[in-house]
1. Mind checking which pairs have a first residue in region A:1-20 that is under 16 Å from residue A:49 (Cβ atoms) and a second that is outside any helix (DSSP H, G or I), Cβ under 6 Å, 6 or more apart or different chains?
2. What pairs come up if the first residue lies in region A:104-115 and is among the polar types (S, T, N, Q), the second is outside any helix (DSSP H, G or I) and buried (at least 24 other Cβ atoms within 10 Å of the Cβ), and their beta carbons are under 8 Å apart, counting only those six or more places apart or on different chains?
3. Name every residue in region A:362-390 that is more than 9 Å from RNA strand B (Cβ to nearest atom), out of contact with any Leu (no Cβ under 7 Å at 6 or more places or on another chain) and assigned to a loop (DSSP other than H, G, I, E, B), in order of residue number.
4. Can you tell me which residue within region A:65-89, out of those that are part of a helix (DSSP H, G or I) and free of Cβ contacts under 8 Å to residues at least 60 places away in the same chain, is surrounded by the fewest Cβ atoms within 10 Å (Cβ to Cβ)?
5. Report, ordered by the first and then the second residue, all pairs with beta carbons closer than 6 Å, sequence separation of six or more or different chains, a first member in region A:384-399 that is loosely packed, with under 13 Cβ neighbours inside 10 Å, and a second member that is assigned to a strand (DSSP E or B).
6. What number of residues within region A:254-271 are more than 7 Å from RNA strand B (Cβ to nearest atom) and more than 11 Å from residue A:139 (Cα to Cα)?
7. Quick check: anything in region A:359-373 within 21 Å of the chain's Cα centre (by Cα), within 25 Å of residue A:106 (Cβ to Cβ) and among the aromatic types (Phe, Trp, Tyr)?
8. Given the conditions (1) closer than 30 Å to residue A:101 by Cβ; (2) over 29 Å from the mean Cα position of the chain (by Cα); (3) in a helix (DSSP H, G or I), report the number of the one that residue A:174 does not fulfil.
Amino acid sequence: MPENQIKEIARKYALKNALDYGSARLGAVLNKVLSEVPDFKGNIKEAARIISEVINEVNAMPKAEIEQEVAKYTFVKKEERIGLPELEWALQGMQVNTRFAPNPSGFMHIGHAKIAVLCDEYSKKYKGLFYLRFDDTDPKTKKPLPEAYAQTAKDLEWLGCNVYKTIKQSERIELYYKFAEELIRNGNAYVCTCAKEEMQENRKKGIACVCRGSNKEEALDKWKKMKTDYKEGEAVLRLKTDLAHPNSSIRDWVMFRIIDYAHPVTGIRYRVWPLYNFASAVDDHEMQITLVIRGKEHELNQMKQQYLFDAFSWTIPHVLEVGTLKVQGELAHKSDIKIAISEGRLTGWDDPRAPTIMGFRAKGVNPKAIREYIIASGIKKHDSYLDLQKIAAISKKLG
RNA sequence: GCUCUGAUCGUCUAGUUCGGUCAAGGACACGGCCCUCUCACGGCCGUAACUCGGGUUCAAAUCCCGAUCAGAGCACCA
């Protein structure tokens, strides 16, 4: 590029720089020129010489004259991104199917809403499907609340989420059994009848127990007995992963265990229940989920599930691990709310003071404001605290 | 203890992939002014940040190393 053209570009930015900051500076002008003429990068010294000359001229000019000349030029302002960042793979044409997978042992709070809204928003953005899936595979320690199923659906609707289909894992147990048996037949899984403590000890040391070495027929037989003969705690189905994995909990993690406890959906029909990592992975594949959004506390589960996807030779969905949207104060967790209700400090899950979706509705918050707030907060991996003042401000703005 | 993350105005964030339009943008909050009988709304203006220390480079919020701080996980919970 000829020198006078470079000078012209340099002059434009030098004038602007001088107007904005009193006098033009070489580094600043150089950066702007380089962004417009990248070819010049190979010859920085020459560029610096030319630009210095221009800067000297400009800095000698009176302010009024600079103002007059700057007015002749137009400057492009960088546009700010609105909404969620693009997904590279989705832009290439892959469908974006997402799912929100709560445990119906309680009601939705703002933390759940973050995940749900992000999933819904991404599926809308790329015209994919958004599923609601209840991960209700522990009838005992995470006992499902019968009312929670319908309430969650209601809360999602209130938040403006378009649920394509609703699924309950408790109704898909046969499907999980089918895949479990496939794993046993392929030699990727085995029934372990070691005592819990013994298993933990082996795991810690990274050594295999005798059960791991049993043949397929034996394992299949024990698997059948899990449904009928073994008692709770006596047998589990484990996946063969890597006994030398640095994290001991990943070593041959448990996929199924026995729970003799009535489930509100299926009663006592099943007693062998899949664990989260198994059921979730199978369903994500079966439902053709391509984008999983979850809290970053699931990082380890991602590693666990990877082994399962590999065993089946399935493609693992894209994953976005996002920071938690935390609530400040004593009602931060679902369990805190439960206690507060039982102690009478809250009138219920729909108490306007509760950070539940029902609570926000009772308080008269505009659901669009919650949505907008969540989308603006983005998909960062670090935790952040809920800013009620800002939601109120957005709510006001929306009218 | 082991494994893994993260760190930008008071707060929430844009920017980090691929160093140069960043003398770091926006929103909320805060301060001032205008509008208004008052409040609210609206409009204009302002204060204010790259955790720290090294390194690479003409050039670092961006890349590399170290430190610090913070978070998460280490289940027959999800």
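1. A:14/A:24
2. A:105/A:136
3. A:364, A:365 - these are the residues of region A:362-390 that are more than 9 Å from RNA strand B (Cβ to nearest atom), out of contact with any Leu (no Cβ under 7 Å at 6 or more places or on another chain) and assigned to a loop (DSSP other than H, G, I, E, B).
4. Here the answer is A:88.
5. A:385/A:326
6. Qualifying residue count, region A:254-271: 3.
7. Yes, region A:359-373 contains at least one residue that is within 21 Å of the chain's Cα centre (by Cα), within 25 Å of residue A:106 (Cβ to Cβ) and among the aromatic types (Phe, Trp, Tyr).
8. Among (1) closer than 30 Å to residue A:101 by Cβ; (2) over 29 Å from the mean Cα position of the chain (by Cα); (3) in a helix (DSSP H, G or I), residue A:174 violates only (2).
The values are calculated or read from the model by the stated rules, or taken from the named source; none is laboratory data. This one's a predicted model, so the numbers in the text were calculated from it and none came from an experiment. Please note: Cβ atoms are built from the backbone with ideal geometry, for glycine as well, and neighbour counts cover all protein chains shown.
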